Amino acid sequence: MKKNFTPHINREISWLSFNERVLQEAEDKRNPLLERLKFLGIFSNNRDEFYRVRVATVKRLMKLGHRAIEIYGEDPEVLLKQLQNKVLAQQQKFDELYLQILEELKENNIFIVNEREVLEEHKEYISNFFHNEVMPSLFPILIDARRPFPFLKDKYGYLYIKLRSIFAPNQNKFALIEIPTKVLSRFVILPPVKSKKYIILLDDVIRLNINEIFNVFGLECVGAYNIKLTRDAELEIDNDLSESILEKVSKGLKDRQKGKPVRFVYDKDMPQDMLQFVMRKLGMTNTKDSVIPGGRYHNFKDFINFPDLGLKHLTFQNPPPINIPELDELNTPIIDYVLKKDILFHFPYHSYNYLIKILQEASIDPRVQSIQITLYRLAESSRIANALINAVKNGKKVTVVVELQARFDEEHNIYWAEKLKEEGAEVIYGVPGLKVHSKLFLIEGKIKNQSFRIAHIGTGNFNEKTARVYTDLSLITAHKGICKDVGTIFNFYRNNLKIGEYKHLIVSPFNMRSEFIKYIHKEIKNVKRGLKGEIILKLNNLVDKEMISHLYKASQEGVQVFLIVRSACSLVTELPNYSDNIRAYSIVDKYLEHARIFIFHNGGNEKVFISSADWMTRNLDHRSEVATPIYDEHIKKIIKDLINIQLSGNQKVRIIDRHQTNKYKLPAPGEEIIRVQDKTYEYLKELPYKKTAKINLV
């Protein structure tokens, strides 16, 4: 082996392996049938974003020629072919699963019909629906070979239509229709017939009635084929000093819609002359571009919102959020409780309303003077933002750090940034050259002339919508040292020259990499002294080569390393003399595992951290991220118990092996069956929350 060589799996290849785990959930018959259909939608949506961002980056690197290998570490052209082959194999599996699920739906008296399968009982209903709802939203474009091909927007599906002249059958014309899923549901629920439920896709409603559009021009449809183009979604921010960051991002969003094509998906039954024509017009080739033959339908991401049809037994019936009696029975604001005791929320098992309530109470509490918060991904109708606006109206000083470059959520963030600024909040548009990804707020005030601070450090965004499906941790604390460090970070956001000193928090890009390396090497030292050495990491992504090299070193020295990595894992497990003492797992289930947790045995005095950061170069070196230590022993035990549940899980848990085979971790004979997310809910529900005595205003 070469000196300083770090074995690793390419990030993109590993990510496709993660998306394959999502596809496994669509295949897994232990999941309710309609949820399996939604997993196909999640898989498709993930893959779309993969092309917009990751494949687009690889294609950019190809332009650098041999220099790309020096910069990236491998040949991007070779990698692109590997990705294409893996995607095509997954697409075949996807198509097979969709057909299988259609058959299972029929067994449950649910029929997704196309335009050729429509019952006589439904034809009038569909015709009326087409004329009243669909037709007003259709804007066909006739294609002329002498003119440029109509612009295909990213994220949209189209019907590419072949037409024949009624008067001259040998004359063909072509047209394009955007499927109007932005204004209409993709799924049209038809009246039931004899207890059977029927759905037709909007695409097929158009196909069934398409001649009503073109017959008046002496044309009839020969065929209508679904096509879809994915464009480079990288947000270009130029260095024009005359423009504000808000103007630059707004301009970049408009330019993104015109990004270069990175993938073209088409109905494999489309005639070759139509395919060659459109590819020529798009400037794409089979050899250098991602051209994917697909099924009859694209934009499967819409299936995430497939209607439940009132059939509860075919969907996940998630239990209600767990109540916390200690907080529900308070006769004072939650702030008074936090001043005495830390709180840990685990969403979505706990209701996100608790977190919103803290901000709502702070917005009207006369003792509160200021609220500072970082906002990365906001919901479209954000109650968090509305609570902050209410605080401004109640005379509080509100400072909001808005990250305008939160990919695919920029528009919501811009809207709320402008709204908050209009209301009188101080709005800071991130840090130049450093994406603000931390999940912080700091509430400050005075009680009887004595200052107080309450801080939030979390693993997930302040977004009540995603909090229903992302598993995240939020620590609310009045610990003076932690609160002081959070205040230092907000001072840095105001004045980027004041980096500050952090005695409790670990903060990137300042000391996160170096601090975690120190903790890894402390475990190595303890093993050499004859003590136990153990590291447990729960992450979304583990791809940074330097951090991986230190984990290999720990393994080589006898430290036991346990990894729970949801998505991309570039560390190679089962590699002799490198990763003999490393075990890696991935959990994909009802909720999206999103929390980051780091546990170091530390000679028996365990160090436990929660964080917003993955171990990726971008998180450690190019983002503002925070990891907080857990000092409260009760909360520390809860987090360790939660991690032990994840490590003991044997349902929905995959073993990450060196070949990326995604084998399930199965229970041994006689072993308890543990589905991690169900067990987590049971554990949190049974925690001995106390009905606390009435707390007086502090």
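How many residues are in contact with an Asp or Glu (Cβ under 7 Å, 6 or more places away or on another chain) and modelled with pLDDT under 50 if we restrict to the stretch 679-694? Full working, then the answer.
Taking the stretch 679-694 first, the residues in contact with an Asp or Glu (Cβ under 7 Å, 6 or more places away or on another chain) are 683, 689-692.
Still in the list and also modelled with pLDDT under 50: 692.
Residues in the stretch 679-694 being in contact with an Asp or Glu (Cβ under 7 Å, 6 or more places away or on another chain) and modelled with pLDDT under 50: 1 in total.
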Next on the checklist: So in the stretch 147-173, with the set limited to residues that are among the aliphatic types (A, V, I, L, M) and assigned to a loop (DSSP other than H, G, I, E, B), which one is surrounded by the fewest Cβ atoms within 10 Å (Cβ to Cβ)?
Outcome noted: Ala168
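For the stretch 477-489, does any single residue satisfy the condition of being under 23 Å from Ser438 (Cβ atoms), modelled with pLDDT of 95 or more and in the same structural domain as Gln646 (by TED's automatic domain parsing)? It would help to see each step written out before you state the result.
Here is the first cut: in the stretch 477-489, the ones under 23 Å from Ser438 (Cβ atoms) are 477-489.
With modelled with pLDDT of 95 or more added as a condition, the list becomes 477-489.
Right, trim to in the same structural domain as Gln646 (by TED's automatic domain parsing) and you get none.
No.
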Checklist entry - Are there any pairs with C-beta distances below 8 angstrom linking a residue in the stretch 135-164 that is on the phi > 0 side of the Ramachandran plot to a residue that is outside any loop (DSSP other than H, G, I, E, B), with the two at least 6 apart or on different chains, and if so which? => result Lys155/Asp48
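Is it the case that Arg67 is over 30 Å from Ser17 (Cβ atoms), assigned by TED's automatic domain parsing to the domain that holds Leu202, more than 31 Å from the chain's Cα centre (by Cα) and exposed (fewer than 13 other Cβ atoms within 10 Å of the Cβ)? Even if it seems obvious, please write down each step before you answer.
On the way: over 30 Å from Ser17 (Cβ atoms): no; assigned by TED's automatic domain parsing to the domain that holds Leu202: yes; more than 31 Å from the chain's Cα centre (by Cα): yes; exposed (fewer than 13 other Cβ atoms within 10 Å of the Cβ): yes.
No; evaluated as a whole, the condition is false for this residue.
Kindly indicate which of Lys123, Lys106, Lys86, Lys93 is loosely packed, with under 13 Cβ neighbours inside 10 Å, in contact with a Leu (Cβ under 9 Å, 6 or more places away or on another chain) and assigned by TED's automatic domain parsing to the domain that holds Leu309.
Lys123
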Item to check | Residue ranges of helices (runs of 4 or more DSSP H) in the stretch 1-72 with at least 2 members among the basic types (Lys, Arg) | outcome: 11-27, 33-50, 56-62
Checklist outcome for this item: The condition of being farther than 30 Å from Pro192 by Cα, charged (D, E, K, R) and buried (at least 17 other Cβ atoms within 10 Å of the Cβ) holds, among Glu361, Glu329, only for Glu361
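Considering only the stretch 366-388, how many residues are of a type in the set (A, V, I, L, M, F, W, C) and in a loop (DSSP other than H, G, I, E, B)?
Filtering the stretch 366-388 down to residues of a type in the set (A, V, I, L, M, F, W, C) leaves 368, 371, 373, 375, 378-379, 384-385, 387-388.
Next, from what is left, pick out any that are in a loop (DSSP other than H, G, I, E, B): 378-379.
Residues that pass the stated criteria total 2.
Looking at the stretch 174-232, what strands (runs of 3 or more DSSP E) fall wholly within it and have at least 1 residues that are under 14 Å from Tyr156 (Cβ atoms)?
Values: elements: 187-193, 196-201, 219-231.
Strands (runs of 3 or more DSSP E) meeting the threshold: 219-231.
Residues Ile112, Ile101: which one is buried (at least 18 other Cβ atoms within 10 Å of the Cβ), farther than 14 Å from Leu202 by Cβ, of a type in the set (Val, Ile, Thr) and within 32 Å of the chain's Cα centre (by Cα)? Break it down into steps so the answer makes sense when it comes.
Numbers: Ile112 fails: farther than 14 Å from Leu202 by Cβ.
The conditions single out Ile101.
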Next on the checklist: Among the listed residues Lys81, Lys123, identify the single one that is assigned to a helix (DSSP H, G or I), under 21 Å from Ile210 (Cβ atoms) and not aromatic (Phe, Trp, Tyr).
Outcome noted: Lys123
Item to check | The listed residue being of a type in the set (Lys, Arg), within 18 Å of Pro333 (Cα to Cα) and in contact (Cβ under 8 Å) with a residue 24 or more places away in the chain, out of Lys439, Lys435, Lys446, Lys393 | outcome: Lys446
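Criterion first (small (Gly, Ala, Ser) and farther than 20 Å from Gln360 by Cβ) does Gly430 satisfy it?
On the way: small (Gly, Ala, Ser): yes; farther than 20 Å from Gln360 by Cβ: yes.
In short, yes.
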Checklist entry - If you go through the stretch 583-628 one residue at a time, how many are over 30 Å from Lys480 (Cα atoms) and in contact with a Gly (Cβ under 7 Å, 6 or more places away or on another chain)? => result 1
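Can you report the number of residues in the stretch 265-314 which are assigned to a strand (DSSP E or B), of a type in the set (A, V, I, L, M, F, W, C) and crowded, with 19+ Cβ neighbours inside 10 Å?
Residues that pass the stated criteria total 2.
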Item to check | Near pairs, Cβ below 9 angstrom, 6+ apart or cross-chain, from the stretch 214-225 (over 20 Å from Arg296 (Cα atoms)) to any residue that is hydroxyl-bearing (Ser, Thr, Tyr) | outcome: Gly218/Ser165; Leu219/Ser165; Glu220/Ser165
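Give the residue, chosen from Ser648, Ser570, Ser586, that is outside the structural domain of Val469 (by TED's automatic domain parsing), of a type in the set (S, T, N, Q) and without any contact (Cβ under 8 Å) to a residue 60 or more places away in the chain.
Working: Ser570 fails: without any contact (Cβ under 8 Å) to a residue 60 or more places away in the chain; Ser586 fails: without any contact (Cβ under 8 Å) to a residue 60 or more places away in the chain.
When all the criteria are applied, what remains is Ser648.
Here's the yes/no breakdown for (1) aromatic (Phe, Trp, Tyr); (2) buried (at least 20 other Cβ atoms within 10 Å of the Cβ); (3) at positive phi:
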position: Pro7; (1), (2), (3): no, no, no
position: Ser14; (1), (2), (3): no, yes, no
position: Glu20; (1), (2), (3): no, no, no
position: Leu23; (1), (2), (3): no, yes, no
position: Phe39; (1), (2), (3): yes, yes, no
position: Ser44; (1), (2), (3): no, yes, no
position: Arg47; (1), (2), (3): no, yes, no
position: Tyr51; (1), (2), (3): yes, yes, no
position: Arg54; (1), (2), (3): no, no, no
Item to check | Looking only at the stretch 31-78, and only at residues there that are at pLDDT 95 or above and among the aliphatic types (A, V, I, L, M), the one that is nearest to Arg11 (Cα to Cα) | outcome: Ile42
Item to check | Failed condition for Leu434, given (1) in contact with a helix residue (DSSP H, G or I) (Cβ under 9 Å, 6 or more places away or on another chain); (2) modelled with pLDDT of 90 or more; (3) farther than 24 Å from Lys357 by Cα | outcome: (1)
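Specify the residue that is surrounded by the fewest Cβ atoms within 10 Å (Cβ to Cβ); the eligible residues are those in the stretch 601-629 that are outside any strand (DSSP E or B) and either outside the structural domain of Ile535 (by TED's automatic domain parsing) or acidic (Asp, Glu) (or both). Steps first, answer last, please.
In the first step, residues of the stretch 601-629 are kept if they are outside any strand (DSSP E or B); the result is 601-606, 612-614, 616-622.
Checking the rest, the ones that are also either outside the structural domain of Ile535 (by TED's automatic domain parsing) or acidic (Asp, Glu) (or both) come to 606, 614, 621.
Details: Glu606: 16, Asp614: 25, Asp621: 14.
Step by step, filter the stretch 601-629, then rank; the result is Asp621.
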Checklist entry - Can Thr680 be described as farther than 30 Å from Ile428 by Cα, in contact with a strand residue (DSSP E or B) (Cβ under 9 Å, 6 or more places away or on another chain) and free of Cβ contacts under 8 Å to residues at least 24 places away in the same chain? => result no
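With the stretch 448-525 as the region, which strands (runs of 3 or more DSSP E) entirely inside it contain at least 1 residues that are under 18 Å from Ser611 (Cα atoms) and among the charged types (D, E, K, R)?
Values: elements: 450-458, 470-477, 506-508.
Strands (runs of 3 or more DSSP E) meeting the threshold: 470-477.
The values are calculated or read from the model by the stated rules, or taken from the named source; none is laboratory data. Everything quoted here is computed from the prediction, not taken from an experiment. When we count neighbours, we look across all protein chains shown, and the Cβ atoms used for this are built from the backbone with ideal geometry, even at glycine.
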